[in-house]
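Input: a single structure, listed below in structure tokens.
Derivation of every value follows stated rules applied to the coordinates shown; laboratory data play no part. All values reported here derive from a predicted model rather than from experimental measurement. Virtual Cβ from ideal backbone geometry, glycine too; neighbours counted across all protein chains shown.
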Amino acid sequence: MTRTARERTAAPPLTRWVAGVLRWGTVAAVAVIAGGFVWATLSGQPASGTRSVVDAIGAWSGDALTAAGLLGLTLLPIAVLAVAAAAFWRARELRMVAITLGVAALILGSLAAAAIVGPTI
Amino acid sequence: MPIELLLALSGVAAGTFGAMLGLGGGILIVPILTIGFGVPLTEAVGTSLICVVATSTGAAAVNVRAGRADLRLGITLAAGTVVGAVTGAILAGFMPERVIAGLFAALLVYTAATMVRGILRPASASAERDAGDPTAADGGAAPAYRARRVPLAIGGSVLAGNASGLLGVGGGIVIVPVVHLVMGAPIRVAVATSNFLTGMTAAAGAYAYLFRGDVDARLTAPVVVGVALGAALGAVLSARLNTRILGAIFVVVVGYVAVRMALRAIGA
């Protein structure tokens with residue numbers, strides 16, 4: 001983990017791809033969240049209150065769109081890690097590929113565990 | 001004024017203030033929602049974590065493109081913060097609200113003390129600290145350095161993740177000192193890397209709240225949109241305003257909120 005000439009050589013695709021996913025992913029997710037909120041408010045739909053995101057997305061409503069946007073926003077770091085892993089692979093940095101995929105697996109594991117166990121507690 | 005507009009304005013204020021002071025919005029959003037709007041603490045923490053993801057990803061896009069964030073370091077430390085965040089989020093589901101309020105009050109006191117130290121430090125010391133750091137003056141690309149004591153830093157990152165998942169904050173208040181003081185990274189690199197890292201950390205913690213049913217879409221939407229707009233505004237304003245005065249105001253606000261949280265913890 002040294003910032004060396006090797007990193008600067010690998011930096012352009014890595015930083016470009018990661019920054020692009022971060023920027024456009026954030027814009028898209030916030031737009032979906034805002035769109036869902038505007039839809040729900042303008043159509044006078046009653047607030048769905050606190051409930052699991054799975055139940056919220058299941059209904060065709062503004063709150064469902066908002067919930068999808070919220071979930072999409074939290075999935076953005078996984079997309080970032082996937083893109084970073086691809087950039088590291090391209091630069092033949094196999095150790096960083098393994099670390100990046102390991103972190104992505106941890107986040108996906110937390111998502112899976114929350115989806116399975118979360119609604120029951 | 002409709003409550004949704006008040007929530008959005010609160011989000012803008014938290015995002016602007018947070019960005020100007022180099023903090024995530026979480027440390028402000030949780031107290032605003034609980035004390036200002038009477039939202040239950042676990043729901044406020046879940047909402048705050050999603051806001052932290054929004055501010056982190058938005059700001060990280062700029063930091064990554066500018067070459068200020070060390071992606072390798074951030075991803076490596078994320079292994080620790082993610083584990084800590086998940087543990088914290090699970091614990092929050094079982095922990096009494098009063099205990100969480102007490103821990104949050106302690107975090108606020110620590111944050112305020114850190115800010116006071118920064119305010120009292122002479123300007124010359126700050127300049128000396130940033131000397132030789134080409135990122136300090138103009139925000140250019142990060143300089144070459146070698147990260148030290150990685151295992152110890154990963155241990156610290158577990159603690160930061162735990163605070164994030166349990167209390168709904170970004171964890172930067174722990175991560176920045178770890179990356180700067182323990183690993184020897186320049187301060188601007190530490191801040192930018194922590195910013196990149198908090199998005200992953202908060203997302204891992206947020207899933208438990210999202211699937212447990214601790215997030216109200218109608219309440220969260222205006223706050224997230226407000227925070228995202230506020231963070232962008234704060235990034236612009238921070239270059240034009242005196243952050244020392246801002247920091248002093250922040251310390252007073254945080255002190256008041258810490259007392260309110262402590263009173264909540266003891267049931268007063």
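Some notes on this structure:
- Karplus (6.51, -1.76, 1.60) ³J(HN,Hα), θ = phi - 60°, over the stretch A:94-109, in Hz, Gly and Pro reported as x: 5, 5, 6, 4, 5, 5, 4, 5, x, 5, 4, 5, 4, 5, 4, x
- Point-to-point label distance, B:Val259-A:Leu94, nm (Cα→Cβ direction, 7 Å offset): 6.1
- If you take the alpha carbon atoms of chain B and fit the smallest convex hull around them, that volume is 115 Å³ per residue.
- Scattering curve values for the stretch B:11-124, log₁₀ I(q)/I(0), Debye with Cα scatterers, q = 0.11, 0.18 Å⁻¹: -0.45, -1.15
- Tail beyond 24 Å, pair distance distribution of the stretch A:21-121 (Cα, percent): 38
- Part-to-part distance (alpha-carbon centres) for the stretch B:91-114 and the stretch A:32-87, which is given in Å: 28
- Across B:Asn162, B:Asn195, B:Asn63, mean-square fluctuation computed from a Gaussian network of chain B (C-alpha pairs under 10 Å connected) peaks at B:Asn63.
- Neighbour-count ranking [beta-carbon atoms within 10 angstrom, fewest first] of B:Tyr145, B:Tyr207, B:Tyr110: B:Tyr110, B:Tyr145, B:Tyr207
- Inter-label distance, nm, simple model (7 Å from Cα along the C-beta direction), A:Ala113/B:Val99: 1.8
- Per-residue Cβ neighbour counts within 10 Å put B:Ser56, A:Ser43, B:Ser194, A:Ser110 in the sequence A:Ser43, A:Ser110, B:Ser56, B:Ser194, beginning with the fewest.
- Based on C-alpha pairs under 8 angstrom that are at least 6 apart in sequence, chain B has a relative contact order of 41 percent.
- Gap separating the Cα centres of the stretch B:53-90 and the stretch B:209-268, nearest whole Å: 19
- Normalised radius of gyration (Cα atoms, divided by 2.2 N^0.38 Å) for the stretch A:51-92: 1.66.
- Here the Gaussian network model covers chain B, with springs between Cα atoms less than 10 Å apart; of B:Val179, B:Val254, B:Val82, B:Val254 fluctuates the most.
- Cα-based Rg / Dmax (Å) for the stretch B:134-268: 17.4, 52
- Note on chain B: dipole from Cβ charges, positive end direction compared against B:Ile35, B:Gly255, B:Ile3; the farthest Cα belongs to B:Gly255.
- Put in order of Cβ neighbour count within 10 Å, fewest first, the listed residues B:Ser164, B:Ser238 become B:Ser238, B:Ser164.
- If only the Cβ of Lys and Arg carry +1 and only the Cβ of Asp and Glu carry -1, the dipole of the protein assembly as shown around its Cα centre is close to 1080 debye.
- Top positive-direction residue, dipole computed over the protein assembly as shown with Cβ charges, set B:Val176, B:Thr47, A:Val38: B:Val176
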